[in-house]
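Since the structure comes first, as structure tokens, the remarks are kept for the end.
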Amino acid sequence: MEANYIVVRFGELTTKGKNRKLFTQKLLKNTKEILFEFPQLQYQLQYDRLYIYLNGANHLLVNEKLKTVFGIHSFSNAYKFEKDLDVVKDAIAKMINEDTKTTFKINTKRSDKTFPKKSQDINREIAGHVFHHVDRQLKVDVHHPEMLVTVEIRHDAIYVMTNIIKGAGGYPVGIGGKALLMLSGGIDSPVAGYLTLKRGVDIECVHFAAPPYTNEFAREKVFDLVDKLRHYTHGQITVHVVNFTKLQLAVYDHCDESYAMTVMRRMMYRIGEKLAIKNHCLALVNGESIGQVASQTLDSMNVINQVISIPVLRPVLCLDKLEIIDIAQKIDTYDISIRPHEDCCTIFVAKHPVTKPNVERIEKSEINLADCIDDLMKTALETAEVITVGA
């Protein structure tokens, strides 16, 4: 039997009280955008569920897309029946008969308490019918069944589900505003972007390129990473590519080498803040993890943060590298990130970068750049490329 419905469960969204409708309406909008290639789908949003009528669409293809929709706790392929238990019993026997599994469990939930039979009685009645109408040997396993058949008796109909598929969780993308992701070609920042999207914050990206020291392959990495991330959104992500070469060279020409990375990061934050404000982003996001490199000690982050006034979100701050890699592999960005093409931060690395920078010394270093820094930052912002991936 082919499923004719998908039942979507909201999970965390059910805790939102008076704001629940805002979250569920946003989830519905995002779901429609991600499933745009299935125009035959119909949607029915209820208080605690979203019902998607397939109208002949391949449920397996729809399933794969639904797994990327943040805000969905779980979903099931479902069969909708009139409220006739005999029809439901025959259908479940047919489903199990078409399968090869040898253990099963019937789990009935009655949202409609006016339905004349209790849940446990319905479970026993359906299981007995299955034993009499399935050709192979079967057992009921109430703890670890190979096939869990869920029967939901609701006011409008009876829904039968034979699987529970884990969703992406989190909040619908965009419900929490928008932030600007500082995206390198490494492992950490795409994971930070994914985790930001999961909490309902939409993203644009800024990438700092340093041609000719970075090449087209490094640039290609970045856009391939964005292409992976966009599938967790409404299908498009805007990327701002900033030519950082002249600024970077000026920093390394005028600053003590051990402080150059810290000064460079402060420049990136200043540019990032201006781009964020211009594009209605409420925060910067990056892939910094405490102590991973010299610029990611608490002392360094404190000094770097002082040049901007908007928040900086660091979703992987307290994760170790192996935990970050696990997420990167899960979202299919890891193999892209480890391609051997360096970004601007890895090319200009000091032999002995400072881990506890002195802010007064940093400010003196920046005084040396006073004659050129404003013009270089203005040029970098004015010449930034704006590319929408997925447009």
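Laboratory data are not the source of any read-out in this text; all were calculated from the coordinates shown. The model shown is predicted, which means the values in this text are computed figures rather than measured ones. When we count neighbours, we look across all protein chains shown, and the Cβ atoms used for this are built from the backbone with ideal geometry, even at glycine.
Considering the Cα positions of the chain, please state its Rg to one decimal place and its Dmax as a whole number of Å.
Considering the chain through its Cα atoms, Rg and Dmax are 26.7, 88 Å.
If only Cα atoms are counted, what is the Rg of the range 1-67, and what is its Dmax, in Å?
For the range 1-67, the Cα radius of gyration and maximum Cα-Cα distance read 12.2, 39 Å.
Using only alpha carbons, build the gyration tensor for the range 234-391 and give me the equivalent ellipsoid semi-axes, biggest first, whole Å. Before the final figure, lay out each step's value.
On the way: eigenvalues 131, 88, 47 Å².
Three semi-axes, in Å: 26, 21, 15.
What does the convex hull of the alpha-carbon atoms of the range 218-260 project to on average, in nm²? Don't jump to the answer; show the numbers that get you there.
Values: hull surface 17.1 nm².
Result: 4.3 nm².
If the convex hull of the alpha-carbon atoms of the range 75-135 is projected onto planes in all directions, what is the mean projected area in square nanometres? Mind dumping the intermediate values first?
Values: hull surface 18.7 nm².
Orientation-averaged projected area of the Cα hull: 4.7 nm².
Taking amide H atoms as placed 1.01 Å from N in the peptide plane, list the residues 5 or more away in sequence, or in a different chain, whose amide H sits under 5 Å from that of Thr68.
Here the answer is none, since no amide H 5 or more places off falls under 5 Å of that of Thr68.
Where Rh is the Kirkwood radius over the Cα pairs of the range 229-304, the temperature 4 °C and the viscosity 1.567 mPa s, what D in µm²/s does Stokes-Einstein return? Working shown, then result.
On the way: Rh = 14.3 Å.
Translational D for this selection: 90 µm²/s.
Would you compute the Debye intensity of the range 348-391 from its alpha-carbon atoms alone, equal scatterers and no solvent, and pass along log10 I(q)/I(0) at q = 0.18, 0.27 Å⁻¹ to two decimals?
Those come out to -0.79, -0.98, one per q.
Put a dot 7 Å past each Cα toward the Cβ at Gln25 and Asn279; how far apart are the dots in nm?
A separation of 2.7 nm, rounded to one decimal place.
Please report the Cα spread of the range 93-206 along all three principal axes, rounded to whole Å, starting with the longest.
The Cα atoms of the range 93-206 stretch 63, 35, 22 Å along the principal axes, largest first.
Would you mind listing how long the range 285-347 runs along its three principal axes, going by Cα atoms, in whole Å with the largest first?
Cα spread of the range 285-347 along its principal axes, largest to smallest: 35, 25, 20 Å.
Dividing the alpha-carbon Rg of the range 1-131 by 2.2 N^0.38 Å yields what?
Details: Rg = 16.5 Å, N = 131, 2.2 N^0.38 = 14.0 Å.
Here the Cα radius of gyration is 1.18 times the empirical estimate.
Run through the DSSP bridge list for the chain and note the antiparallel percent, rounded to the nearest 5.
55 percent
Tell me which lysines have Cα within less than 18 Å of Lys356's Cα, excluding those fewer than 8 residues away on the same chain?
Leaving aside lysines fewer than 8 places away in the same chain, those within reach of Lys356 are Lys364.
Quick one: which of Lys65/Lys278; Lys32/Lys198; Lys21/Lys198; Lys246/Lys278; Lys26/Lys113; Lys109/Lys178 span more than 29 angstrom between C-alpha atoms?
Numbers: Lys65/Lys278 32 Å; Lys32/Lys198 17 Å; Lys21/Lys198 19 Å; Lys246/Lys278 23 Å; Lys26/Lys113 31 Å; Lys109/Lys178 39 Å.
Violating the 29 Å Cα-Cα cut-off are Lys65/Lys278; Lys26/Lys113; Lys109/Lys178.
Tell me the Kirkwood radius of the range 183-282: reciprocal of the mean inverse pair distance over distinct alpha-carbon atoms, in Å.
Details: mean 1/r = 0.0682 Å⁻¹.
This gives a value of 14.7 Å.
Which order do peptides 374-383, 4-13, 194-203 fall in by mean Cβ count within 10 Å, highest first? Don't jump to the answer; show the numbers that get you there.
On the way: 374-383: 13.5, 4-13: 19.7, 194-203: 22.4.
Taking the mean over residues of other Cβ atoms within 10 Å, the ranking is 194-203, 4-13, 374-383.
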